[in-house]
Amino acid sequence: MSELKPGDLVETDGLIAVLVRVEGEVPEDHVTLWFGEPQGKRKSEGGKGSLTPVIWTVPASYCTLAKKPDARH
């Protein structure tokens, strides 16, 4: 496994996630990921906003760097 750092896009079990924490802040040999779950409605669409994001702790060995994203504008 290459050196992972916060902000990296990683792949784990076929899913893409953003690495938000690394070793030292979570159990040994684990990282914390955000999978970008649906956030609900936008405030401009009548949503409440300020939802609590869900992050998951997984073994670092389960993660590999993802392919470079297809950036669109």
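For the chain, what is the relative contact order in percent, using Cα pairs closer than 8 Å and at least 6 residues apart in sequence?
Details: 112 pairs, mean separation 23.7, N = 73.
Relative contact order, the chain: 32 percent.
If we count every other residue with Cβ under 14 angstrom of G49's Cβ, Lys/Arg +1 and Asp/Glu -1, where does the sum land?
On the way: positive: K41, R42, K43, K48; negative: E45.
Here the count lands on +3.
For the chain, modelled as a GNM with alpha-carbon contacts under 10 angstrom, which of V31, V22, V54 fluctuates the most?
V54
Long-range amide H contacts for R21: which residues qualify at under 5 Å (H placed 1.01 Å from N, peptide plane, sequence gap of 5 or more or a different chain)?
Amide H to amide H, under 5 Å and 5 or more residues apart or across chains, R21 pairs with T32.
Tell me, what HN-Hα J-couplings in whole Hz come from the Karplus equation 6.51 cos²θ - 1.76 cosθ + 1.60 at θ = phi - 60° for each residue of the stretch 63-72, using x for Gly and Pro?
Once rounded to whole Hz, the list reads 10, 10, 4, 7, 4, 4, x, 8, 6, 10.
Under a Cβ-only charge scheme (Lys and Arg +1, Asp and Glu -1), can you give me the dipole magnitude of the chain about the Cα centre, in debye to the nearest 20? Present the calculation step by step, with values, prior to reporting the outcome.
Details: 9 positive and 11 negative charges, 129 e Å.
Roughly 620 debye, rounded to the nearest 20.
Treating the beta-carbon of each Lys and Arg as +1 and of each Asp and Glu as -1, no other charges, what is the dipole magnitude of the stretch 20-60 about its Cα centre, to the nearest 20 debye?
Numbers: 5 positive and 6 negative charges, 106 e Å.
In debye, rounded to 20, the stretch 20-60 gives about 500.
Residues in the stretch 10-24 near a label at L51, defined as backbone nitrogen under 19 Å from the 7 Å Cα→Cβ point?
16-20
Which one, (i) 13.6; (ii) 14.5; (iii) 14.1, gives Kirkwood radius over Cα pairs in Å as derived from the coordinates shown?
Derived directly from the coordinates: (i).
All of the numbers you see were taken from the coordinates with simple rules; none came from a lab. Given the structure is predicted, the values throughout are model-derived calculations rather than measurements. Using ideal geometry, Cβ is built from the backbone for each residue, glycine included, and neighbour counts are taken over all protein chains shown.
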